[in-house]
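The values are calculated or read from the model by the stated rules, or taken from the named source; none is laboratory data. A quick note: this is a predicted structure, and the numbers were derived from the prediction, not measured. Neighbour counts are summed over all protein chains in view; Cβ atoms, including those assigned to glycine, are modelled from backbone coordinates with ideal geometry.
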Amino acid sequence: MKLYNKEKYNDLGLDTKAPSSGYRALNKDGTFNVHKENVSFFEGMNIFHSLVSMSWLQFLLVLALGYFTINLVFASLYLLIGTEHLTGIYGTTKLDQFIEAFFFSAQTITTLGYGQIAPLNLAANIVAASESLLGLLLFALATGLMYGRFSKPVASIKYSSIAVIAPYKEINGFMFRVVNPKKNQLLEVEVNVNLSLKRANSDLRDFYSLELERSKVVFFPTMWTIVHPVSSESPIYGFNQQNLIEKEAEFIVVIKAFDESFSQSVYSRSSYKANEIKWGAKFTYLAKRDDTGLSIDVGRIDDTFEIDLNQ
C-alpha cells in the first residue's frame, strides 16, 4: 500500500481527534456532528435562526400555537377584569363568557373589530389597546419571518446516497453524483472534496484535499458525476473497501455555487463513509434526448450497474 506523500491538512476545523470508532464529522444532510455542552439556554439561543431554519410545517404550527396562546392569555385577562365591563357579552356561564372573550381577543389582536363587543371601563380599554399594539408588532414580526424564509438562499443540491469506485480511464476513480432538482439556475459551481483518514494505532486523523477530474463547471442544468482519480498520487491508492473501513474514511464534500435567483453565493455540504461506497459499480447514464431537448430522471440518481475494476 503506497503512502500518500503530498502535504496533508492537520485539521479542517473538525478536530483531528476522533471521539469514537465510526465517528462521522459531517452528517449526510450537511449538519456537523458536534454537540456543545455547558452552554446556558440564553447563550445557545438563536430564535431567528430556529424560526427560519425549521420546516414549514413546524413554522406554521409555531405561529398557530403562539396565536392561540396569546388569545387565551388576553381572554383570561378580560375574564379577570369582569365581563360586565365588556358590552355585548351575553354568555350566562363562565365557559360561554370565556369563549366570547376569546373571540373578542382574536378580533382585537388582528385589529378587525366587528363592533359587537367593546370595552367599557378604563382597565378593559387598557388591555384592549395593549393587545392591539402587541398584535401590530407580532404580525409585523411574522411577516418579516415569512419573507426571511422565502428569501433565504438555499442550495437544494441532491446527492447520490452512495458513492462508487468505478473504472476511470486506465485506473479507477472515486465517484458520486449531484443534481439540482429545483428550477433555479446555479452558475459557477465549485466542489471541494476532502478525505479524513484515521492514523494507524492512534485515535488521531489526517485530512487530505483530493484532486478532482473537474472541480468547477460554469453551468449546472444536468447531473454532474464528480470524480477523484485514484492514481498513484491519491491517498487511497492501493486501498480496498476493508482498508477504508479500518481507516474510518470519510469523504467530506463542500459545494459552492452562485444562485441566479438570489444573486448570492450558496453552499451545500454532505459526506460519504466507507460503508456508503460501492466497489465495482458505475452510475447509470440517465440523460434522454428527444425532440423537446434533454431530460434527466432525478429519481434514479442512485442507479448503478456492476463493472470490473481496472487492475
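Summary of computed values
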quantity: Top-ranked residue in the stretch 240-273 [being at negative phi and among the acidic types (Asp, Glu); ranked as surrounded by the fewest Cβ atoms within 10 Å (Cβ to Cβ)]; calculated: Glu260
quantity: Filter result for the condition that a residue is in contact with an Asp or Glu (Cβ under 9 Å, 6 or more places away or on another chain), among the small types (Gly, Ala, Ser) and in contact (Cβ under 8 Å) with a residue 12 or more places away in the chain, over Gly173, Gly238; calculated: Gly173
quantity: Where a residue in the stretch 144-162 is under 30 Å from Val193 (Cβ atoms) and in contact (Cβ under 8 Å) with a residue 12 or more places away in the chain and its partner, wherever it lies, is among the basic types (Lys, Arg) and loosely packed, with under 15 Cβ neighbours inside 10 Å, with Cβ under 6 Å and at least six apart; calculated: Ser156/Lys182
quantity: Checklist (1) polar (S, T, N, Q); (2) closer than 30 Å to Leu14 by Cα; (3) touching a His at 6+ places or on another chain (Cβ under 6 Å) applied to Asn121, failing item; calculated: (2)
quantity: Residue identified as modelled with pLDDT of 90 or more and loosely packed, with under 13 Cβ neighbours inside 10 Å among Leu77, Leu61, Leu112; calculated: Leu61
quantity: Matching residues in the stretch 75-105 - criterion: being touching a Leu at 6+ places or on another chain (Cβ under 9 Å), in a helix (DSSP H, G or I) and over 19 Å from Ala142 (Cα atoms); calculated: Tyr78, Glu84, His85, Lys94, Gln97, Phe98, Glu100, Ala101, Phe102, Phe104
quantity: Lone qualifier among Ala124, Ala128, Ala155 - being outside any strand (DSSP E or B), closer than 23 Å to Ser209 by Cβ and modelled with pLDDT under 95; calculated: Ala155
quantity: Residue check for Leu309: at pLDDT below 90 and farther than 27 Å from Leu26 by Cα; calculated: no
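The rows are residues; the columns are (1) under 30 Å from Tyr208 (Cβ atoms); (2) outside any loop (DSSP other than H, G, I, E, B); (3) not polar (S, T, N, Q).
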residue: Gly30; (1), (2), (3): yes, no, yes
residue: Phe42; (1), (2), (3): no, yes, yes
residue: Leu65; (1), (2), (3): no, yes, yes
residue: Gln107; (1), (2), (3): no, yes, no
